[in-house]
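Novice: My questions will all concern the structure given below.
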Amino acid sequence: MSSPMDVDVEREQDMRYLQTGKGKVVEREQLLPKATPWVEKYRPQSLADVAAHKDIIDTVDRLTNENRLPHLLLYGPPGTGKTSTVLAVARKLYGGNLRNMILELNASDDRGIDVVRQQIQDFASTQSFSFGAKSSVKLVLLDEADAMTKDAQFALRRVIEKYTKSTRFALICNHVNKIIPALQSRCTRFRFAPLDAAHVRERLQYVIKAEGLDVDESGLSAVVRLSNGDMRKALNILQSTHMASQHVSEKAVYLCTGNPMPKDVEQISNWLLNEDFATSYKYISDMKTTKGLALVDIVREVTMFIFMIKMPSTVRVQLINDLADIEYRLSFGCNDKLQLGSLIGSFTHVRCAMEAAAK
Ligand SMILES: Nc1ncnc2c1ncn2[C@@H]1O[C@H](COP(=O)(O)OP(=O)(O)OP(=O)(O)O)[C@@H](O)[C@H]1O
Ligand SMILES: [Mg+2]
């Protein structure tokens, strides 16, 4: 539990960056300690700051302006701005009164059926006093709702209906199929897709400018490529690379994340396709040791490479299937050496099949 003092300090901070109006991001940054991770420092404060998802943001913005916010269900992969969007909506609705008007529960809180029966019901059923705030409808934010027990979800159905007049619910999750259909049908669903490269790049450029970083074009492209549309990952890679080396280049990014460089992947694929088993095994093992590469990263990158080269589709299908099996086994922590053998073995099959097809 936080003491009343803590709450006051937090509230004060919330209000300070809210009252600054334009240029609030800069103001907020000055309030944050220097060591704050960039993912938090550059968390979008208003809906306008949220990159990509233009349609969703426009719709939510309009509904918020008209005070017609429905129950929300936001879902999609990590780091795409779901939590940030709901917090921005809450900030817009309640301003400095934020902490009185929302109940935020996430996976770190216990969210079994008792919490739905007590905490959520208590919050939803109490009268709200919203001096000055635009909206008097409260908001219950259930982050990581896919981790809620089924019983709790069933109990929530009735609570949502009963308190619709005074309370809106915003459910956020990664896997929408873990939310029971009855809850899904009570909410307006929005899917947050992975951010496209252009939006990740644009947001990164904003951070690079704000932090005054020395990043070259290839370095920026590498961060965008490795993030795979996860903005949180992009910011984390950028920050850790910047801490490791002043100049953020492609090489620095790959070194810092431990990912194989594109030219290494090409080299490994060449060995796999052309060298015999023992030679491939030796070369790849040596490269893994000298460059500190993980086999799972190699498998993932080699798969991408396979998609780009020409081979009969039956051979390709079998190979991708084999690579998927290896990746699956690696995720269970199976022996790296055996799996490397299996990887080279799969390619040996490919070569035999290709030679047979050429005859
Ligand atoms: N669309 C976006 N625009 C700008 N920044 C973003 C966006 N999405 C994510 N970020 C950055 O990533 C961080 C994490 O975002 P957020 O917490 O909203 O992700 P999430 O979708 O809730 O992910 P998770 O499913 O893992 O909870 C934010 O603090 C912000 O810095
Ligand atoms: Mg989240």
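Novice: If I ask for residues that are charged (D, E, K, R) and surrounded by 11 or more Cβ atoms within 10 Å (Cβ to Cβ), which ones from segment 279-336 would you list?
Specialist: 282, 288, 291, 297, 300, 301, 316, 322, 325, 327, 329, 336
Novice: Quick one: is residue 248 among the hydrophobic types (A, V, I, L, M, F, W, C) and out of contact with any Ser or Thr (no Cβ under 7 Å at 6 or more places or on another chain)?
Specialist: Criteria not met by residue 248.
Novice: Pick out, from segment 245-309, the helices (runs of 4 or more DSSP H) lying fully within it that include 3 or more residues that are charged (D, E, K, R), modelled with pLDDT of 90 or more and within 31 Å of the chain's Cα centre (by Cα). I'd like the intermediate steps shown before the answer.
Specialist: Numbers: elements: 250-257, 262-274, 277-291, 295-308.
The qualifying helices (runs of 4 or more DSSP H) are 262-274, 295-308.
Novice: Against the definition (in contact with a Leu (Cβ under 6 Å, 6 or more places away or on another chain), touching a residue at least 60 places away in the same chain (Cβ under 8 Å) and either over 13 Å from residue 191 (Cα atoms) or assigned by TED's automatic domain parsing to the domain that holds residue 123 (or both)), how does residue 105 come out, yes or no? Spell out the reasoning first.
Specialist: Values: in contact with a Leu (Cβ under 6 Å, 6 or more places away or on another chain): yes; touching a residue at least 60 places away in the same chain (Cβ under 8 Å): no; either over 13 Å from residue 191 (Cα atoms) or assigned by TED's automatic domain parsing to the domain that holds residue 123 (or both): yes.
Against the criterion (in contact with a Leu (Cβ under 6 Å, 6 or more places away or on another chain), touching a residue at least 60 places away in the same chain (Cβ under 8 Å) and either over 13 Å from residue 191 (Cα atoms) or assigned by TED's automatic domain parsing to the domain that holds residue 123 (or both)), residue 105 does not qualify.
Novice: When only residues in segment 228-245 that are closer than 16 Å to residue 207 by Cβ and more than 16 Å from ligand 2 (Cβ to nearest atom) count, which is surrounded by the fewest Cβ atoms within 10 Å (Cβ to Cβ)?
Specialist: 243
Novice: Cβ-Cβ under 8 Å, sequence separation 6+ or interchain: first residue in segment 142-164 and at positive phi and in contact (Cβ under 8 Å) with a residue 24 or more places away in the chain, partner within 14 Å of ligand 1 (Cβ to nearest atom) and not hydroxyl-bearing (Ser, Thr, Tyr). Which pairs?
Specialist: 144/106; 144/107; 144/172; 144/173; 144/174
Here's the yes/no breakdown for (1) touching a residue at least 60 places away in the same chain (Cβ under 8 Å); (2) not acidic (Asp, Glu):
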position	(1), (2)
188	yes, yes
194	yes, yes
200	yes, yes
207	yes, yes
210	yes, yes
217	no, no
222	no, yes
231	yes, yes
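Novice: Okay, moving on. Can you tell me which residues in segment 188-244 are of a type in the set (Val, Ile, Thr) and either assigned to a loop (DSSP other than H, G, I, E, B) or within 15 Å of ligand 1 (Cβ to nearest atom) (or both)? Steps first, please.
Specialist: Taking segment 188-244 and keeping what is of a type in the set (Val, Ile, Thr), we get 188, 200, 207-208, 215, 223-224, 237, 241.
Correct list: 200, 207, 208, 223, 224, 237.
Novice: Return yes or no: is residue 122 away from ligand 2 (no atom under 16 Å from the Cβ) and surrounded by fewer than 21 Cβ atoms within 10 Å (Cβ to Cβ)?
Specialist: Working: away from ligand 2 (no atom under 16 Å from the Cβ): yes; surrounded by fewer than 21 Cβ atoms within 10 Å (Cβ to Cβ): yes.
Considered against the rule, which asks whether it is away from ligand 2 (no atom under 16 Å from the Cβ) and surrounded by fewer than 21 Cβ atoms within 10 Å (Cβ to Cβ), residue 122 comes out as yes.
Novice: Could you list all residues from segment 142-159 that are within 12 Å of ligand 2 (Cβ to nearest atom) and either crowded, with 21+ Cβ neighbours inside 10 Å or assigned to a helix (DSSP H, G or I) (or both)?
Specialist: Quick first cut of segment 142-159, residues within 12 Å of ligand 2 (Cβ to nearest atom) only: 142-147.
Correct list: 142, 143, 145, 146, 147.
Novice: State all residues of segment 199-250 that are in contact with a Lys or Arg (Cβ under 7 Å, 6 or more places away or on another chain) and of a type in the set (Ser, Thr, Tyr); if no residue qualifies, say none.
Specialist: First pass over segment 199-250, keeping only residues in contact with a Lys or Arg (Cβ under 7 Å, 6 or more places away or on another chain): 220, 224, 227, 231.
Passing the criteria: only 227.
Novice: Within segment 190-212, work out how many residues are of a type in the set (Lys, Arg) and either within 16 Å of ligand 2 (Cβ to nearest atom) or surrounded by fewer than 14 Cβ atoms within 10 Å (Cβ to Cβ) (or both). So that I can check it myself, show each step before the final result.
Specialist: From segment 190-212, those of a type in the set (Lys, Arg) are 191, 201, 203, 209; that's our starting set.
Next cut, either within 16 Å of ligand 2 (Cβ to nearest atom) or surrounded by fewer than 14 Cβ atoms within 10 Å (Cβ to Cβ) (or both) only: 191, 209.
Of the residues in segment 190-212, 2 are of a type in the set (Lys, Arg) and either within 16 Å of ligand 2 (Cβ to nearest atom) or surrounded by fewer than 14 Cβ atoms within 10 Å (Cβ to Cβ) (or both).
The values are calculated or read from the model by the stated rules, or taken from the named source; none is laboratory data. Keep in mind the model is a prediction, meaning the values are calculated, not measured. Neighbour counts are summed over all protein chains in view; Cβ atoms, including those assigned to glycine, are modelled from backbone coordinates with ideal geometry.
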